[in-house]
Structure formats: structure tokens, C-alpha cells
Amino acid sequence: MGIGIRIENLRKVYDTPPPSAARGAGFSFVAQRTAGPKEKKKFEVVALDGISLEMRAGEVFGLLGPNGAGKSTTIGVLTTRTRPTGGRAFIGEFDVWQDQVKAKRVIGVVPQRPNLDFALTAREILLFHGAYFGQSARERERRSSELLEQFHLKDRADDMVRNFSGGMMQRISIARAMMHDPEVLFLDEPSAGLDPQTRLMLWEIVRNYNKLGKTIVLTTHYMDEADALCGRLAIIDHGRIISQGTPAELKASIPGGYLLRLRFNQVPELLPAALQKLPGVTEVRDAANTSLDVYADRGGPLIASIVNAAQALDAELHDVHIAEPSLETLFLHHTGRSLRD
Amino acid sequence: MNWKTFYALLSRDGHVARRNLLPMLLQNLLQPLLLTFVFGRVLTTSGMMRSEYKNVLLPGVMAISMVLSGVQAVAMPLITEFQFTREIEDRLLAPMAIGWLAVEKIAAGMVQALVAGLVVIPAAWLTMGSGVQLSFRPLEFSVICVLVAMFSSAGGLVLGCTIGQTQIGLMFSLVIAPMMMFGCAYYPWASLAAFPVLKYAVLINPLVYASEGLRGTLTRAPHINTVIVIGALVLINALLLVVGLKKFHQKAVS
């Protein structure tokens, strides 16, 4: 029981603008135009730049990264909706591009934005989905009733879904993805736009489904979600994997753990070296023009000595932000950017 | 090939079509009814047209009705489902090669086109009153009907995968309207003899073969040889299918 996923050196280059409407507002690529004055200007975007990953059977695996990092493209390839430019991906033993139909049988997909069949009611969406997967009429009835109950949609089961609220659409999307009892469940930004209550319900559903031995792959740019749900994580940025491991391992890999983002009126040449000498400081990095990122094993207690060191060099501290060890600081450490940038 | 999935997809389309039965019937019936009433009844009864015109008109109206409903049945849902809502995603994820989803759309469109075409006959008969003389050749008529239905829904597939949501109006005024006017639906092809250039130019219009084919197998009005019509429709269907499937794949996979 349980099916793992293997991705080998996966590349995806879009030569036409990706259907961004389909993938949500997630694309923030900058088009790289090929040089050459007389050459026809060609649209080219590298979405995945040689990704290799292994997701184990029965785990909750998270893809974490900012918008446009390549999370949705990875999911797109794994769910047969995007043609890889290079490399291979396997769901269990099935090559997702060569054995599409077999791969589609074992996966369930919750898209970034609900893509429900607006011509149908909530119940019909589940019933027809079950029929597409060859379930018998009795099995469809039983499973759809169960899911409608579990997702608190029973009262609205026979209403057309086009009148549903965002949260309800998301719930029916997830129910639909589970309808044929897939071994692997993909959730692309599942909690985007959900109210806190629905979000907790979603987490509960994901955990329970995982307890049945199912593999779950989700993308998110919420740190707490990744922390709360995922057994292992890969951090993606600009189509590459920056780091992967359990949330605890990843957090432990940050030098010092604490991150102090400091902004001065000016950064004298000697200031970074002076800060580096302070007790507990493991690394000082130049951030933007008048800012420095300090990694240290402590947070608040360092401020006084930082202020003193700065004053000694005629610099004035204007702003401090202290981040405790978290995936957010990890992301910052590797990319120099915040996840929400 | 996974027939269970194919059948489930067909029954989904059937279910949605049944839900919209009344508007769909009105959409498919009203225009042919008005056309046959004005051209076939008012103009012939008042003596502005000869009574034989009814025989020319009936197959033409039937062809238009089939083509319009087939094109609409396939193209319109595809245009919306491939756009913003991506409603079609769920069906693309069904365990079946995605090309079959396009085939399923064509099959469903053909059923609608056939229904739309066949209801025109009794309806037109009623509105035009006496004077319609049918000379029915069932076998050839059935072949032509199936080919016309296929042409209309395969054409719908091509249009549905080519045209953006904002260009629907343009599609009607630039593609559908000229096709109807130069499709030999309201006049037999032979009557274009006085316009030699036009006479051969309209031959690229598939509706010409639909109208003339139905005319030849349904009435005694002058018409293009049925064998030529069948050959042309087979060619057109093959071309539209190849182009439509290719476009569908391009749309479906990024």
C-alpha cells in the first residue's frame, strides 16, 4: 500500500506564456528574451531547472516557495497536465508522461483555484467523477454521501456549485479529488483564500487521509502550514531545489537560528566585521543598501551591543526585526528574499 | 481505450444537455421556424416566390440548423471551459488518453446536430404548409446526415480550441454568417451559374456540401451529385478532425 513519487532532473521551459489563468495568479516569471538583434524575439521562461526529488510512499511532502518558484509547474507535470521539457517523473512505477492513463488512475488533484464543473450540482460532481473512474453506481452513491457528510456539504448537496462560496468550492474540490480513493493526493496551495476555520478543517482532512497510508503532496507558501502538516519539505526557488529535509532538520540547518534584520542610516565599511565579532553571532550578510542580516544564536539580548557597535562607527540603527528559527528564516537564508516578496 | 470513462463523459454531456433542454430546443428550433415561415410561407403564398422554392429551402434550413447546433454544442462549452474556469480539467484528469475527450465532445455534438436537423423536417413542414414534395432516399440521406453532423461538431472543436472568449462575437460575424449566406442553403448551387467566380469560390464552404447533399437526398430540387458531396464531406471531416485534435492537445497540455 502507498505509492511514492520520483522526479529525475525535471526541466520545464515554457515557450509560450503559460496559461496563468489556469494556474492561478501564481506566475511571476520574468520573461527572458533570447539575444540577437535580428533574431525573432522568442518568449522563453525556465520554470523548472533540473529538479530531482523523491517523495516516499505514505508521507506528507511539502513544496515550499514563493509565487512563481515552480511549485505549480512541478504539480502540473506530476499530474500529467504539463509536458516536461526534459527529465522524467514517476508516480509509483508509472512514468507520468509515457503512462499517463495509469498515472491518472492513482492520483487525485486539488487545483490551486477551484475548477468545478459549473453545469452540475455538488452531488453530481462527485457522482460523475466517480463514474469517470469506473465506479459502480452503488459505490458512487455510498462514497459521495460519505464525502458530502464529512465535508459538511450535505445541506447544499443538490445546489448548483456556481453559487457556492470560495470555501465551499474548495471543500467540494477536495472531496472530488478523494472520490476515487487515490493513492496520491496533490493539493496545490490548498489553503489560499480560506478562512482560519476552514483551514483547520482542511488540515484535519489531510492528516486523516494520510493516516490511511496515502501519499500527499502539497504546495504552500505558508510556513506554518508546511510546519504543521509536512513530514518532509523541499524549498523551491527559481525552478531549483534550494534545500530539503524534515521541517526540524531544515530549521536546524540555519546558522545560529535567530535572524536579526537590521536597517541603519548608513552602513560603514567596518560595521559588518564589528558585528561579526559580537558574542553569539554566526554570520553577517549584506542585505539591501543600508540593511544587514545577522544570524545569531540569540535575538533580543544582542540589540544593545549592536547599537553600541554601530554608534562607535557613527551609524544609527533605524529598524530591527527579529525572526525566531523558522522555515521563513531558512528561506531568507538561502535566497536573500522573504517568501512573500 | 477505456469505454467506461468514455461513456461516463458522454452521459455527463447528456445530463447537462437534458438540464438545458428547453433553451436548447428554442435555440435550435426558433431560427429555422422563422426562416421557413417567412421564406417558405409568406413569400410563396404572396406569390413573390414560386411554390417550388419550398423544396429548395427545406434542406438548406435543415443544413444550417445542424451546422449551427453542432458547432455551438462543441465550441461554446470548450471556449468557456478552457478559459478562466478551467472546468474541463477534471475531465482531462479522467483515466483516459486526452484525445478521447475531444472525440467524446464530437460524438456528443453529433447527437445534438442530428436531433436539431431532424426536428426541422416536421417543424418546417408545419410552418410551410402544403406544397413540399419530399423524395426521400433513406440510405444516402442517413450517410449525409451523419457526415454533416460530424463536420459541424468537428468544426466546433476546431473553433472552440482556436477562439478566445472575447472573440465569440467575431466568430459569428466573420465565420458563421458568411458561411450561412454562401452555403447554398437558400438557393441551389446551380443557381450561381450567373456568377462564375462565386460559383467556384463557394466550393471551399463546407455548408455547400451539407445543403446540396441534403437537397439531393431529400427532394427533387437540382443539386450537386451526391457522390461528390459525400467525397467532399469525408475529406473535410478528416481535415477538421486532424486539426481539431491537434489544437485540442495544444490547449489541454501546457
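Quick notes on this one:
- Protection proxy ranking, peptides B:167-175, B:64-72, A:46-54, A:176-184, average beta carbon neighbours within 10 Å, highest first: B:64-72, A:176-184, A:46-54, B:167-175
- Ellipsoid fit via the Cα gyration tensor, the protein assembly as shown: semi-axes of 62, 27, 20 Å, each the root of five times an eigenvalue, largest first.
- Protection proxy ranking, highest mean first, for peptides A:63-73, B:216-226, A:104-114, A:155-165: A:63-73, A:104-114, B:216-226, A:155-165, where packing is the per-residue count of other beta-carbon atoms within 10 Å, averaged.
- The mean count of C-beta atoms from other chains within 10 Å of the C-beta of residues in B:9-19, rounded to a whole number, is 3.
- Listed values for the stretch A:261-276 are Karplus-derived 3J(HN,Hα) couplings in whole Hz (6.51 cos²θ - 1.76 cosθ + 1.60, θ = phi - 60°), namely 9, 10, 10, 10, 6, 7, 10, x, 4, 7, 4, x, 5, 5, 5, 4, and x replaces Gly and Pro.
- Expected 222 nm ellipticity per residue - DSSP helices of 4 or more, -39500 (n - 2.57), all of chain B, to 500: -23000 deg cm²/dmol
- Taking B:54, A:211 and counting other C-beta atoms within 10 Å, the order from fewest to most: A:211, B:54
- Within straight-line reach of residue B:199, meaning a Cα separation under 19 Å, sit the following aspartates and glutamates at least 8 residues removed in sequence or on another chain: B:212.
- Whole-angstrom Cα spans of the stretch A:77-132 along principal axes, big to small: 40, 21, 13
- Residue mean of other protein chain beta carbons inside 10 Å, A:99-106: 4
- The Rg/Rh ratio of the stretch B:3-252, with both radii computed over alpha carbons and Rh defined as the Kirkwood radius, is 0.99.
- Net charge contributed by nearby residues that have their C-beta within less than 9 Å of residue A:231 (K/R +1, D/E -1): +1
- Stokes-Einstein diffusion coefficient of chain A, Kirkwood radius over Cα pairs, 10 °C, 1.306 mPa s, in µm²/s: 72
- Neighbour cut-off at most 13 other Cβ (10 Å), DSSP loop, trypsin sites (Lys or Arg not before Pro), the stretch A:234-329: A:277
- Contact order relative to length of chain B, as percent, for alpha carbon pairs under 8 angstrom and 6 or more apart: 27
- Separation of the stretch A:152-223 from the stretch A:101-121 is 12 Å, based on Cα centroids.
- Average beta carbon contacts from partner chains per residue of A:74-87, 10 Å cutoff: 2
- Across A:211/B:4; A:102/B:247; A:12/A:211; B:105/B:251, pairs whose alpha-carbon gap is larger than 22 Å: A:211/B:4; A:102/B:247; A:12/A:211
- The stretch B:150-215 versus the stretch A:270-292: alpha-carbon centroid distance in Å: 74
- Expressed in units of 2.2 N^0.38 Å, where N is the residue count, the Cα radius of gyration of the stretch B:94-156 is 1.46.
- Between B:153, B:211, B:130, the Gaussian network model of chain B with springs among Cα atoms under 10 angstrom shows the greatest mean-square fluctuation at B:130.
- Computed [θ] at 222 nm, deg cm²/dmol, chain A (DSSP H ≥ 4; -39,500 (n - 2.57); rounded to nearest 500): -9000 deg cm²/dmol
- Residue-wise HN-Hα couplings along the stretch A:161-174, as the Karplus relation 6.51 cos²θ - 1.76 cosθ + 1.60 with θ = phi - 60° gives them from phi, are 6, 5, 8, 6, 6, x, x, 5, 4, 5, 5, 5, 4, 5 Hz; Gly and Pro carry x.
- Distant-in-sequence amide H partners of residue A:87 (H built 1.01 Å from N, under 5 Å): A:11
- Membrane-span-like helices in chain B, defined here as complete DSSP H runs extending at least 27 Å along the helix axis by their C-alpha atoms with mean Kyte-Doolittle hydropathy no lower than 0.5, are B:53-82, B:98-128, B:138-162, B:226-252; this is a sequence and geometry rule, not a statement about a membrane.
- Convex hull per residue volume in Å³, alpha carbons only, for the stretch B:1-81: 113
- Calculated over the stretch A:255-324, the projected area of the Cα convex hull averaged across directions stands at 3.8 nm².
- For chain B, modelled as a GNM whose springs connect Cα atoms under 10 angstrom apart, the maximal fluctuation among B:213, B:231, B:109 occurs at B:231.
Every number in this text was worked out from the coordinates using simple rules, so none of it is lab data. For clarity, every value in this text was computed on a predicted model and none was experimentally measured. All Cβ positions, even for glycine, are placed from backbone atoms using ideal geometry, and neighbour counts span all protein chains on display.
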